[in-house]
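The values are calculated or read from the model by the stated rules, or taken from the named source; none is laboratory data. Fair warning: this is a prediction, and the values are worked out from it, not measured in the lab. In this analysis, Cβ positions are derived from the backbone assuming ideal geometry, glycine residues included, and neighbour counts consider all displayed protein chains. The accessibility values were calculated without ligands, DNA or RNA, using every heavy atom of the protein model including side chains. Shrake-Rupley method; radii C 1.70, N 1.55, O 1.52, S 1.80 Å.
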Amino acid sequence: MNHCQAIRLTVVVHKDIAEDVQKVFTDLGVPYFSHELGRYPILKRNHIFLLNLYSSAQLYNLPVVIFQVLTDKKTEDFLFNKIIESADLTIPGHGSIYTEEISVFSPMAENLVYRNPIKTKPMGFTGLTGIFCIIQRGAADTMSHYILENGVAVPTITYGVGRGLRDRLGLLRITIPKEKEIVKLIVHSSDAEHALDFIIEAGKLDLPGKGFIFEYPIKRGLINTKISLDGPKQAASMEQVISALDHLYGNIDWRRQFTNFRKGARKRNYFEGVNIHLNAKEGSVEKILMKLSKLGISGATISQDRLIKFDEENSLFNPARDSANLLIPKKMLNEVISELETLSFFAEETEGIAYTMEIPRAFSYQSKGNQKK
């Protein structure tokens, strides 16, 4: 199977400035990019009338558009900087951008990668870790409220439909809702274990059918720091002060000593492996997942996005897509890719693409069960 190494660049912006990002892709001739809708939860404190006091904060949701595009290492900084400039991502509240190193498996893998090797000075920061979590519908708000209150990150939330344990329970499946929330956040690497631990507790991921969570390495990022809708009483808001200090120090290490979030985390039985992100023509992924179950692979959540090429007449892919993330042991990667080929996942009728990335730490109910054994 044809495959290549690539940089996956993710941009999360408020829907009002999404066109600015799309214009960058158009002007630069980016061959393909994916497009998904989501939400940013953000705090809004209730003001007590006639008193300079605030009661407890509520969550408000801001609509966001999530873009992903593939590029190579020589083009990464150039495209990264162009998007920051066009969407003014240095302004708190405009959005986030970050990159990951991945492998791409597809007969058309090279066609998906944007290349324009113009040397530019890299922007953004290192020392970041991504967290990907699938939890029951409705659990994301509790988790988001705590994370926002502690100033750790601004989560991005999308939706999906779960499979796996629920599909094997017969009549008992009615006790496990199929609707899931997919939560992504970028944290300082020193906070990653503590963030994982809290989300496991908040999402009850140590119970069957509740979901799973993993962390993944971020190469470089510039992260949204706006956690509240409340306007500043001073000349600068707290988000602006944080952004200014990030650029003054040239990193975000200084934040570690100011967070109350980093309390003692429980000892968990984490495991490592590979995340396989399957993306195929709408309606195809669920059929593939059912057939992969013979390898003992289950527990995926299916979401929807679009794979866009502005010159649609010459597109090699159908724009309406289904996605699912699978966690597998690293030793199984070649076997799973081979099985996907056997199942015609990469064939023209399915238009499948597999993105893979090594995962240093993950957790699910199964890993808890393995610990007891």
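Side notes on the structure shown:
- The condition of being open to solvent by 70 Å² or more (accessible area, probe 1.4 Å) and in contact with a helix residue (DSSP H, G or I) (Cβ under 9 Å, 6 or more places away or on another chain) holds for Glu272.
- Of residues in the stretch 290-325 being of a type in the set (D, E, K, R) and touching a residue at least 60 places away in the same chain (Cβ under 8 Å), the one most open to solvent (accessible area, probe 1.4 Å): Arg306
- Residue identified as of a type in the set (A, V, I, L, M, F, W, C), modelled with pLDDT of 85 or more and in contact with a His (Cβ under 9 Å, 6 or more places away or on another chain) among Val104, Val152: Val104
- Flag for Ser338 being closer than 24 Å to Glu215 by Cα and polar (S, T, N, Q): no
- For the stretch 129-147, filtered to residues that are among the hydroxyl-bearing types (Ser, Thr, Tyr) and over 16 Å from the mean Cα position of the chain (by Cα), the residue that is modelled with the lowest pLDDT is Tyr146.
Residues are listed down the side, and each one gets a yes or a no for (1) part of a helix (DSSP H, G or I); (2) open to solvent by 20 Å² or more (accessible area, probe 1.4 Å); (3) at pLDDT 80 or above:
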position	(1), (2), (3)
Lys204	no, yes, yes
Leu207	no, yes, yes
Tyr216	no, no, yes
Trp254	yes, yes, no
Phe261	no, no, no
Gly283	no, yes, yes
Ile288	yes, no, yes
